[in-house]
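First up is the structure itself, then whatever we jot down about it.
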Amino acid sequence: MSFLPKLSPADLVGILGMVPTPSTPDADHWSCRNSVDLDSTAAMVSMVVEGGVRILLTNGSLGEGATLLAHEQRDFAACIAGTLKGRGLLFAGVTTLNTRETIDRARLVLDAGADGLFLGRPMWMSLDAPSTVRYYADLAEALPGVPFVLYDNQFAFKAKIATETYAELSRIPAIIGAKHIGGPAIGDDLKAVEGRMRILPLDTQWCALARAFPDEALACWTGNAADGPEPLAALAKAVAAQDWARAEAISARMAWAQAPMFPGGKLENFVDYNIPIAHARIQGSGLVRSGPPRPPYIFAPEGHLEGGRETGRRWESLRREFPA
């Protein structure tokens, strides 16, 4: 049995904010059983939503979905849903190493108040195209009426979703959006889905895609929401008004702020240390008490961490440059 999801691509407009999972002081020790700082979570969500970012994605790489226990994901989702109180949407991340466990965790976060799911692919082995389509189709069958935003990242999942596969996936009604890592294929992927799902570029790439596809590129994703939503709100306003000169200027400043967190200027160097770099960045911006990263993704070279802190400091300066 299948049902149309309660949300559609038309509901994905503006900024979709990837948020971290604030941790307790003992979260970096294996013995910790409740590592989520729920007070910091509530404060973070209020700040982000009141700043204009009202669609939240959790527990991908930034949100440490791979290192959370099931009850921690449930409690985190419940805290966010309770803080939102209808002011925004929560797509909770529940990707695991297999389909059945992902379904079990999905039911936990949906019962806790999530509006939809943020779903990557199992990453023990790379999934080919038929396996990828079957995976998402199985999830849609098991969770009727639940909307999905899928997560396409060739570094995390060992392969990019091919354009032809996007066309097939877009015919699964549950999939209403895709967090896209960017690159030369994004325009082809957007055309392939024919409006059946929202292709979401990175914040700094949104202006270019929206300028090429103004009726379809109506939203983007960002990992900087918890560093301060003001520059993101300014970008969303400029794109909505098709004020391309201002949107390009904001995008350039955001790219400047983000540059230090990519060691050697390479994304592939960042992804190996994504989690500790993100904690350092959040410390640098100073708005959220992020706590330590969870094991085993604890360590990174000091230069990488300082790059993260510098990105946070630069983003803090953008908040003054583009005030609410």
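What is the chain's relative contact order, in percent, from Cα pairs under 8 angstrom and six or more apart in sequence? Intermediate results must be reported in sequence, preceding the final value.
On the way: 655 pairs, mean separation 67.2, N = 324.
Rounded, it is 21 percent for the chain.
Hey, any idea what Rg/Rh is for the range 218-292, computing Rh the Kirkwood way over Cα pairs? Working shown, then result.
Details: Rg = 13.7 Å, Rh = 13.6 Å.
Here Rg/Rh amounts to 1.01.
Only aspartates and glutamates eight or more places from LYS191 in sequence, or on another chain, were considered; those with a Cα closer than 18 Å are ASP152, GLU164, GLU168, ASP215, GLU216.
Once Lys and Arg get +1 and Asp and Glu get -1 on their Cβ, which of GLY120, LEU235, MET47 lies farthest toward the positive end of the dipole of the range 9-255? Positive-most Cα among the choices belongs to LEU235.
Give me the dipole magnitude in Debye, nearest 20, for the chain about the Cα centre, with unit charges on the beta carbon: positive for Lys and Arg, negative for Asp and Glu. Walk me through the numbers on the way to the answer.
Details: 31 positive and 36 negative charges, 64 e Å.
The dipole magnitude comes to about 300 debye.
Across the options ALA226, GLY195, ILE181, the greatest Cα extent toward the positive end of the charge dipole of the range 9-255 (unit charges at beta carbon of Lys, Arg, Asp, Glu) belongs to GLY195.
In the chain, the DSSP-assigned H stretches of four residues or longer account for a calculated mean residue ellipticity at 222 nm of -14000 deg cm²/dmol, using -39500 (n - 2.57) per stretch and the full residue count as denominator. Only lysines eight or more places from LYS85 in sequence, or on another chain, were considered; those with a Cα closer than 19 Å are LYS6.
Rounded to the nearest 20 debye, the dipole size of the range 108-169 about its Cα centre is 240 debye, using +1 on the Cβ of Lys and Arg and -1 on the Cβ of Asp and Glu. Two numbers describe the Cα atoms of the range 9-255: Rg and Dmax, which are 17.2, 52 Å. Database remark: amide H of ALA219 closer than 5 angstrom to the amide H of GLY14 (H placed geometrically; neighbours at sequence offset of 5 or more, or on other chains; Pro and chain starts carry no H).
When DSSP beta bridges are limited to those with both residues in the range 9-255, what percentage is antiparallel, rounded to the nearest 5?
Working: 1 of 26 bridges.
Around 5 percent of the beta bridges assigned by DSSP in the range 9-255 are antiparallel ones.
Taking the Cα centre of the range 139-278 as origin, sum charge times position over the Cβ atoms of Lys and Arg (+1) and Asp and Glu (-1), and report the length of that vector in debye to the nearest 20.
Values: 12 positive and 16 negative charges, 25 e Å.
For the range 139-278, the charge dipole is close to 120 debye.
Per the Debye formula with a single identical scatterer at each Cα and no solvent contribution, what log10 I(q)/I(0) holds for the range 167-218 at q = 0.15, 0.25, 0.31, 0.32 Å⁻¹? After summing over all Cα pairs, the log10 values are -0.34, -0.94, -1.35, -1.41.
Read-outs: derived from the displayed coordinates by stated rules, not from any lab. Since this is a predicted model, take the numbers as computed values, not measurements. Because the Cβ atoms are built from the backbone with ideal geometry, glycine has one as well, and the counts that use them run over all protein chains shown.
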